[in-house]
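Below you'll find the structure, written out as structure tokens, and then a few comments.
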Amino acid sequence: MIGITPMIGLNDTGEVCSLTDTTKVGKFAKANALNYLGWWEMTRDQPCTGGIAAYMCSGVSNPQWSFSRAFVAVTN
């Protein structure tokens, strides 16, 4: 089984998985019939500022649940 699990928003490495990236990953997963698509982690799917990679928010200013909605939109 092959799958993808990106860390949404600001990552520990300083990179950012944006909504645009999320859409691209979702389309790739669907086009290549991947068995699993998830994200790290559900509690991060809400905004926060300060530029920190934290468990409780994404570190970016996107509205709450925007990453979830983006994944659902491209995989349905």
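Laid out as a table, the results:
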| item | result |
| --- | --- |
| Structure-based [θ]222 nm, the chain - -39500 (n - 2.57) summed over DSSP H runs of at least 4, per residue, nearest 500 | -9500 deg cm²/dmol |
| Label-point separation, residue 31 to residue 16 (7 Å along Cα→Cβ), nm | 2.4 |
| Cα-centred dipole magnitude for the range 3-75, charges only on beta-carbon of K, R (+1) and D, E (-1), debye, nearest 20 | 280 |
| Crossing angle, helix 66-75 versus the chain [Cα axis fit, 0-90 degrees, rounded to tens] | 10 |
| Relative contact order (%) - the range 3-75, alpha-carbon pairs under 8 angstrom, separation at least six | 36 |
| Linear extension gain, residue 75 paired with residue 54, 0.36 nm per residue minus alpha-carbon span | 4.9 nm |
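Read the figures in this text as sums done on the coordinates, not as results from a lab. None of the values given here were measured: they were computed from a predicted structure. Here the Cβ is made from the backbone with ideal geometry for all residues, glycine too, and neighbour counts use every protein chain on show.
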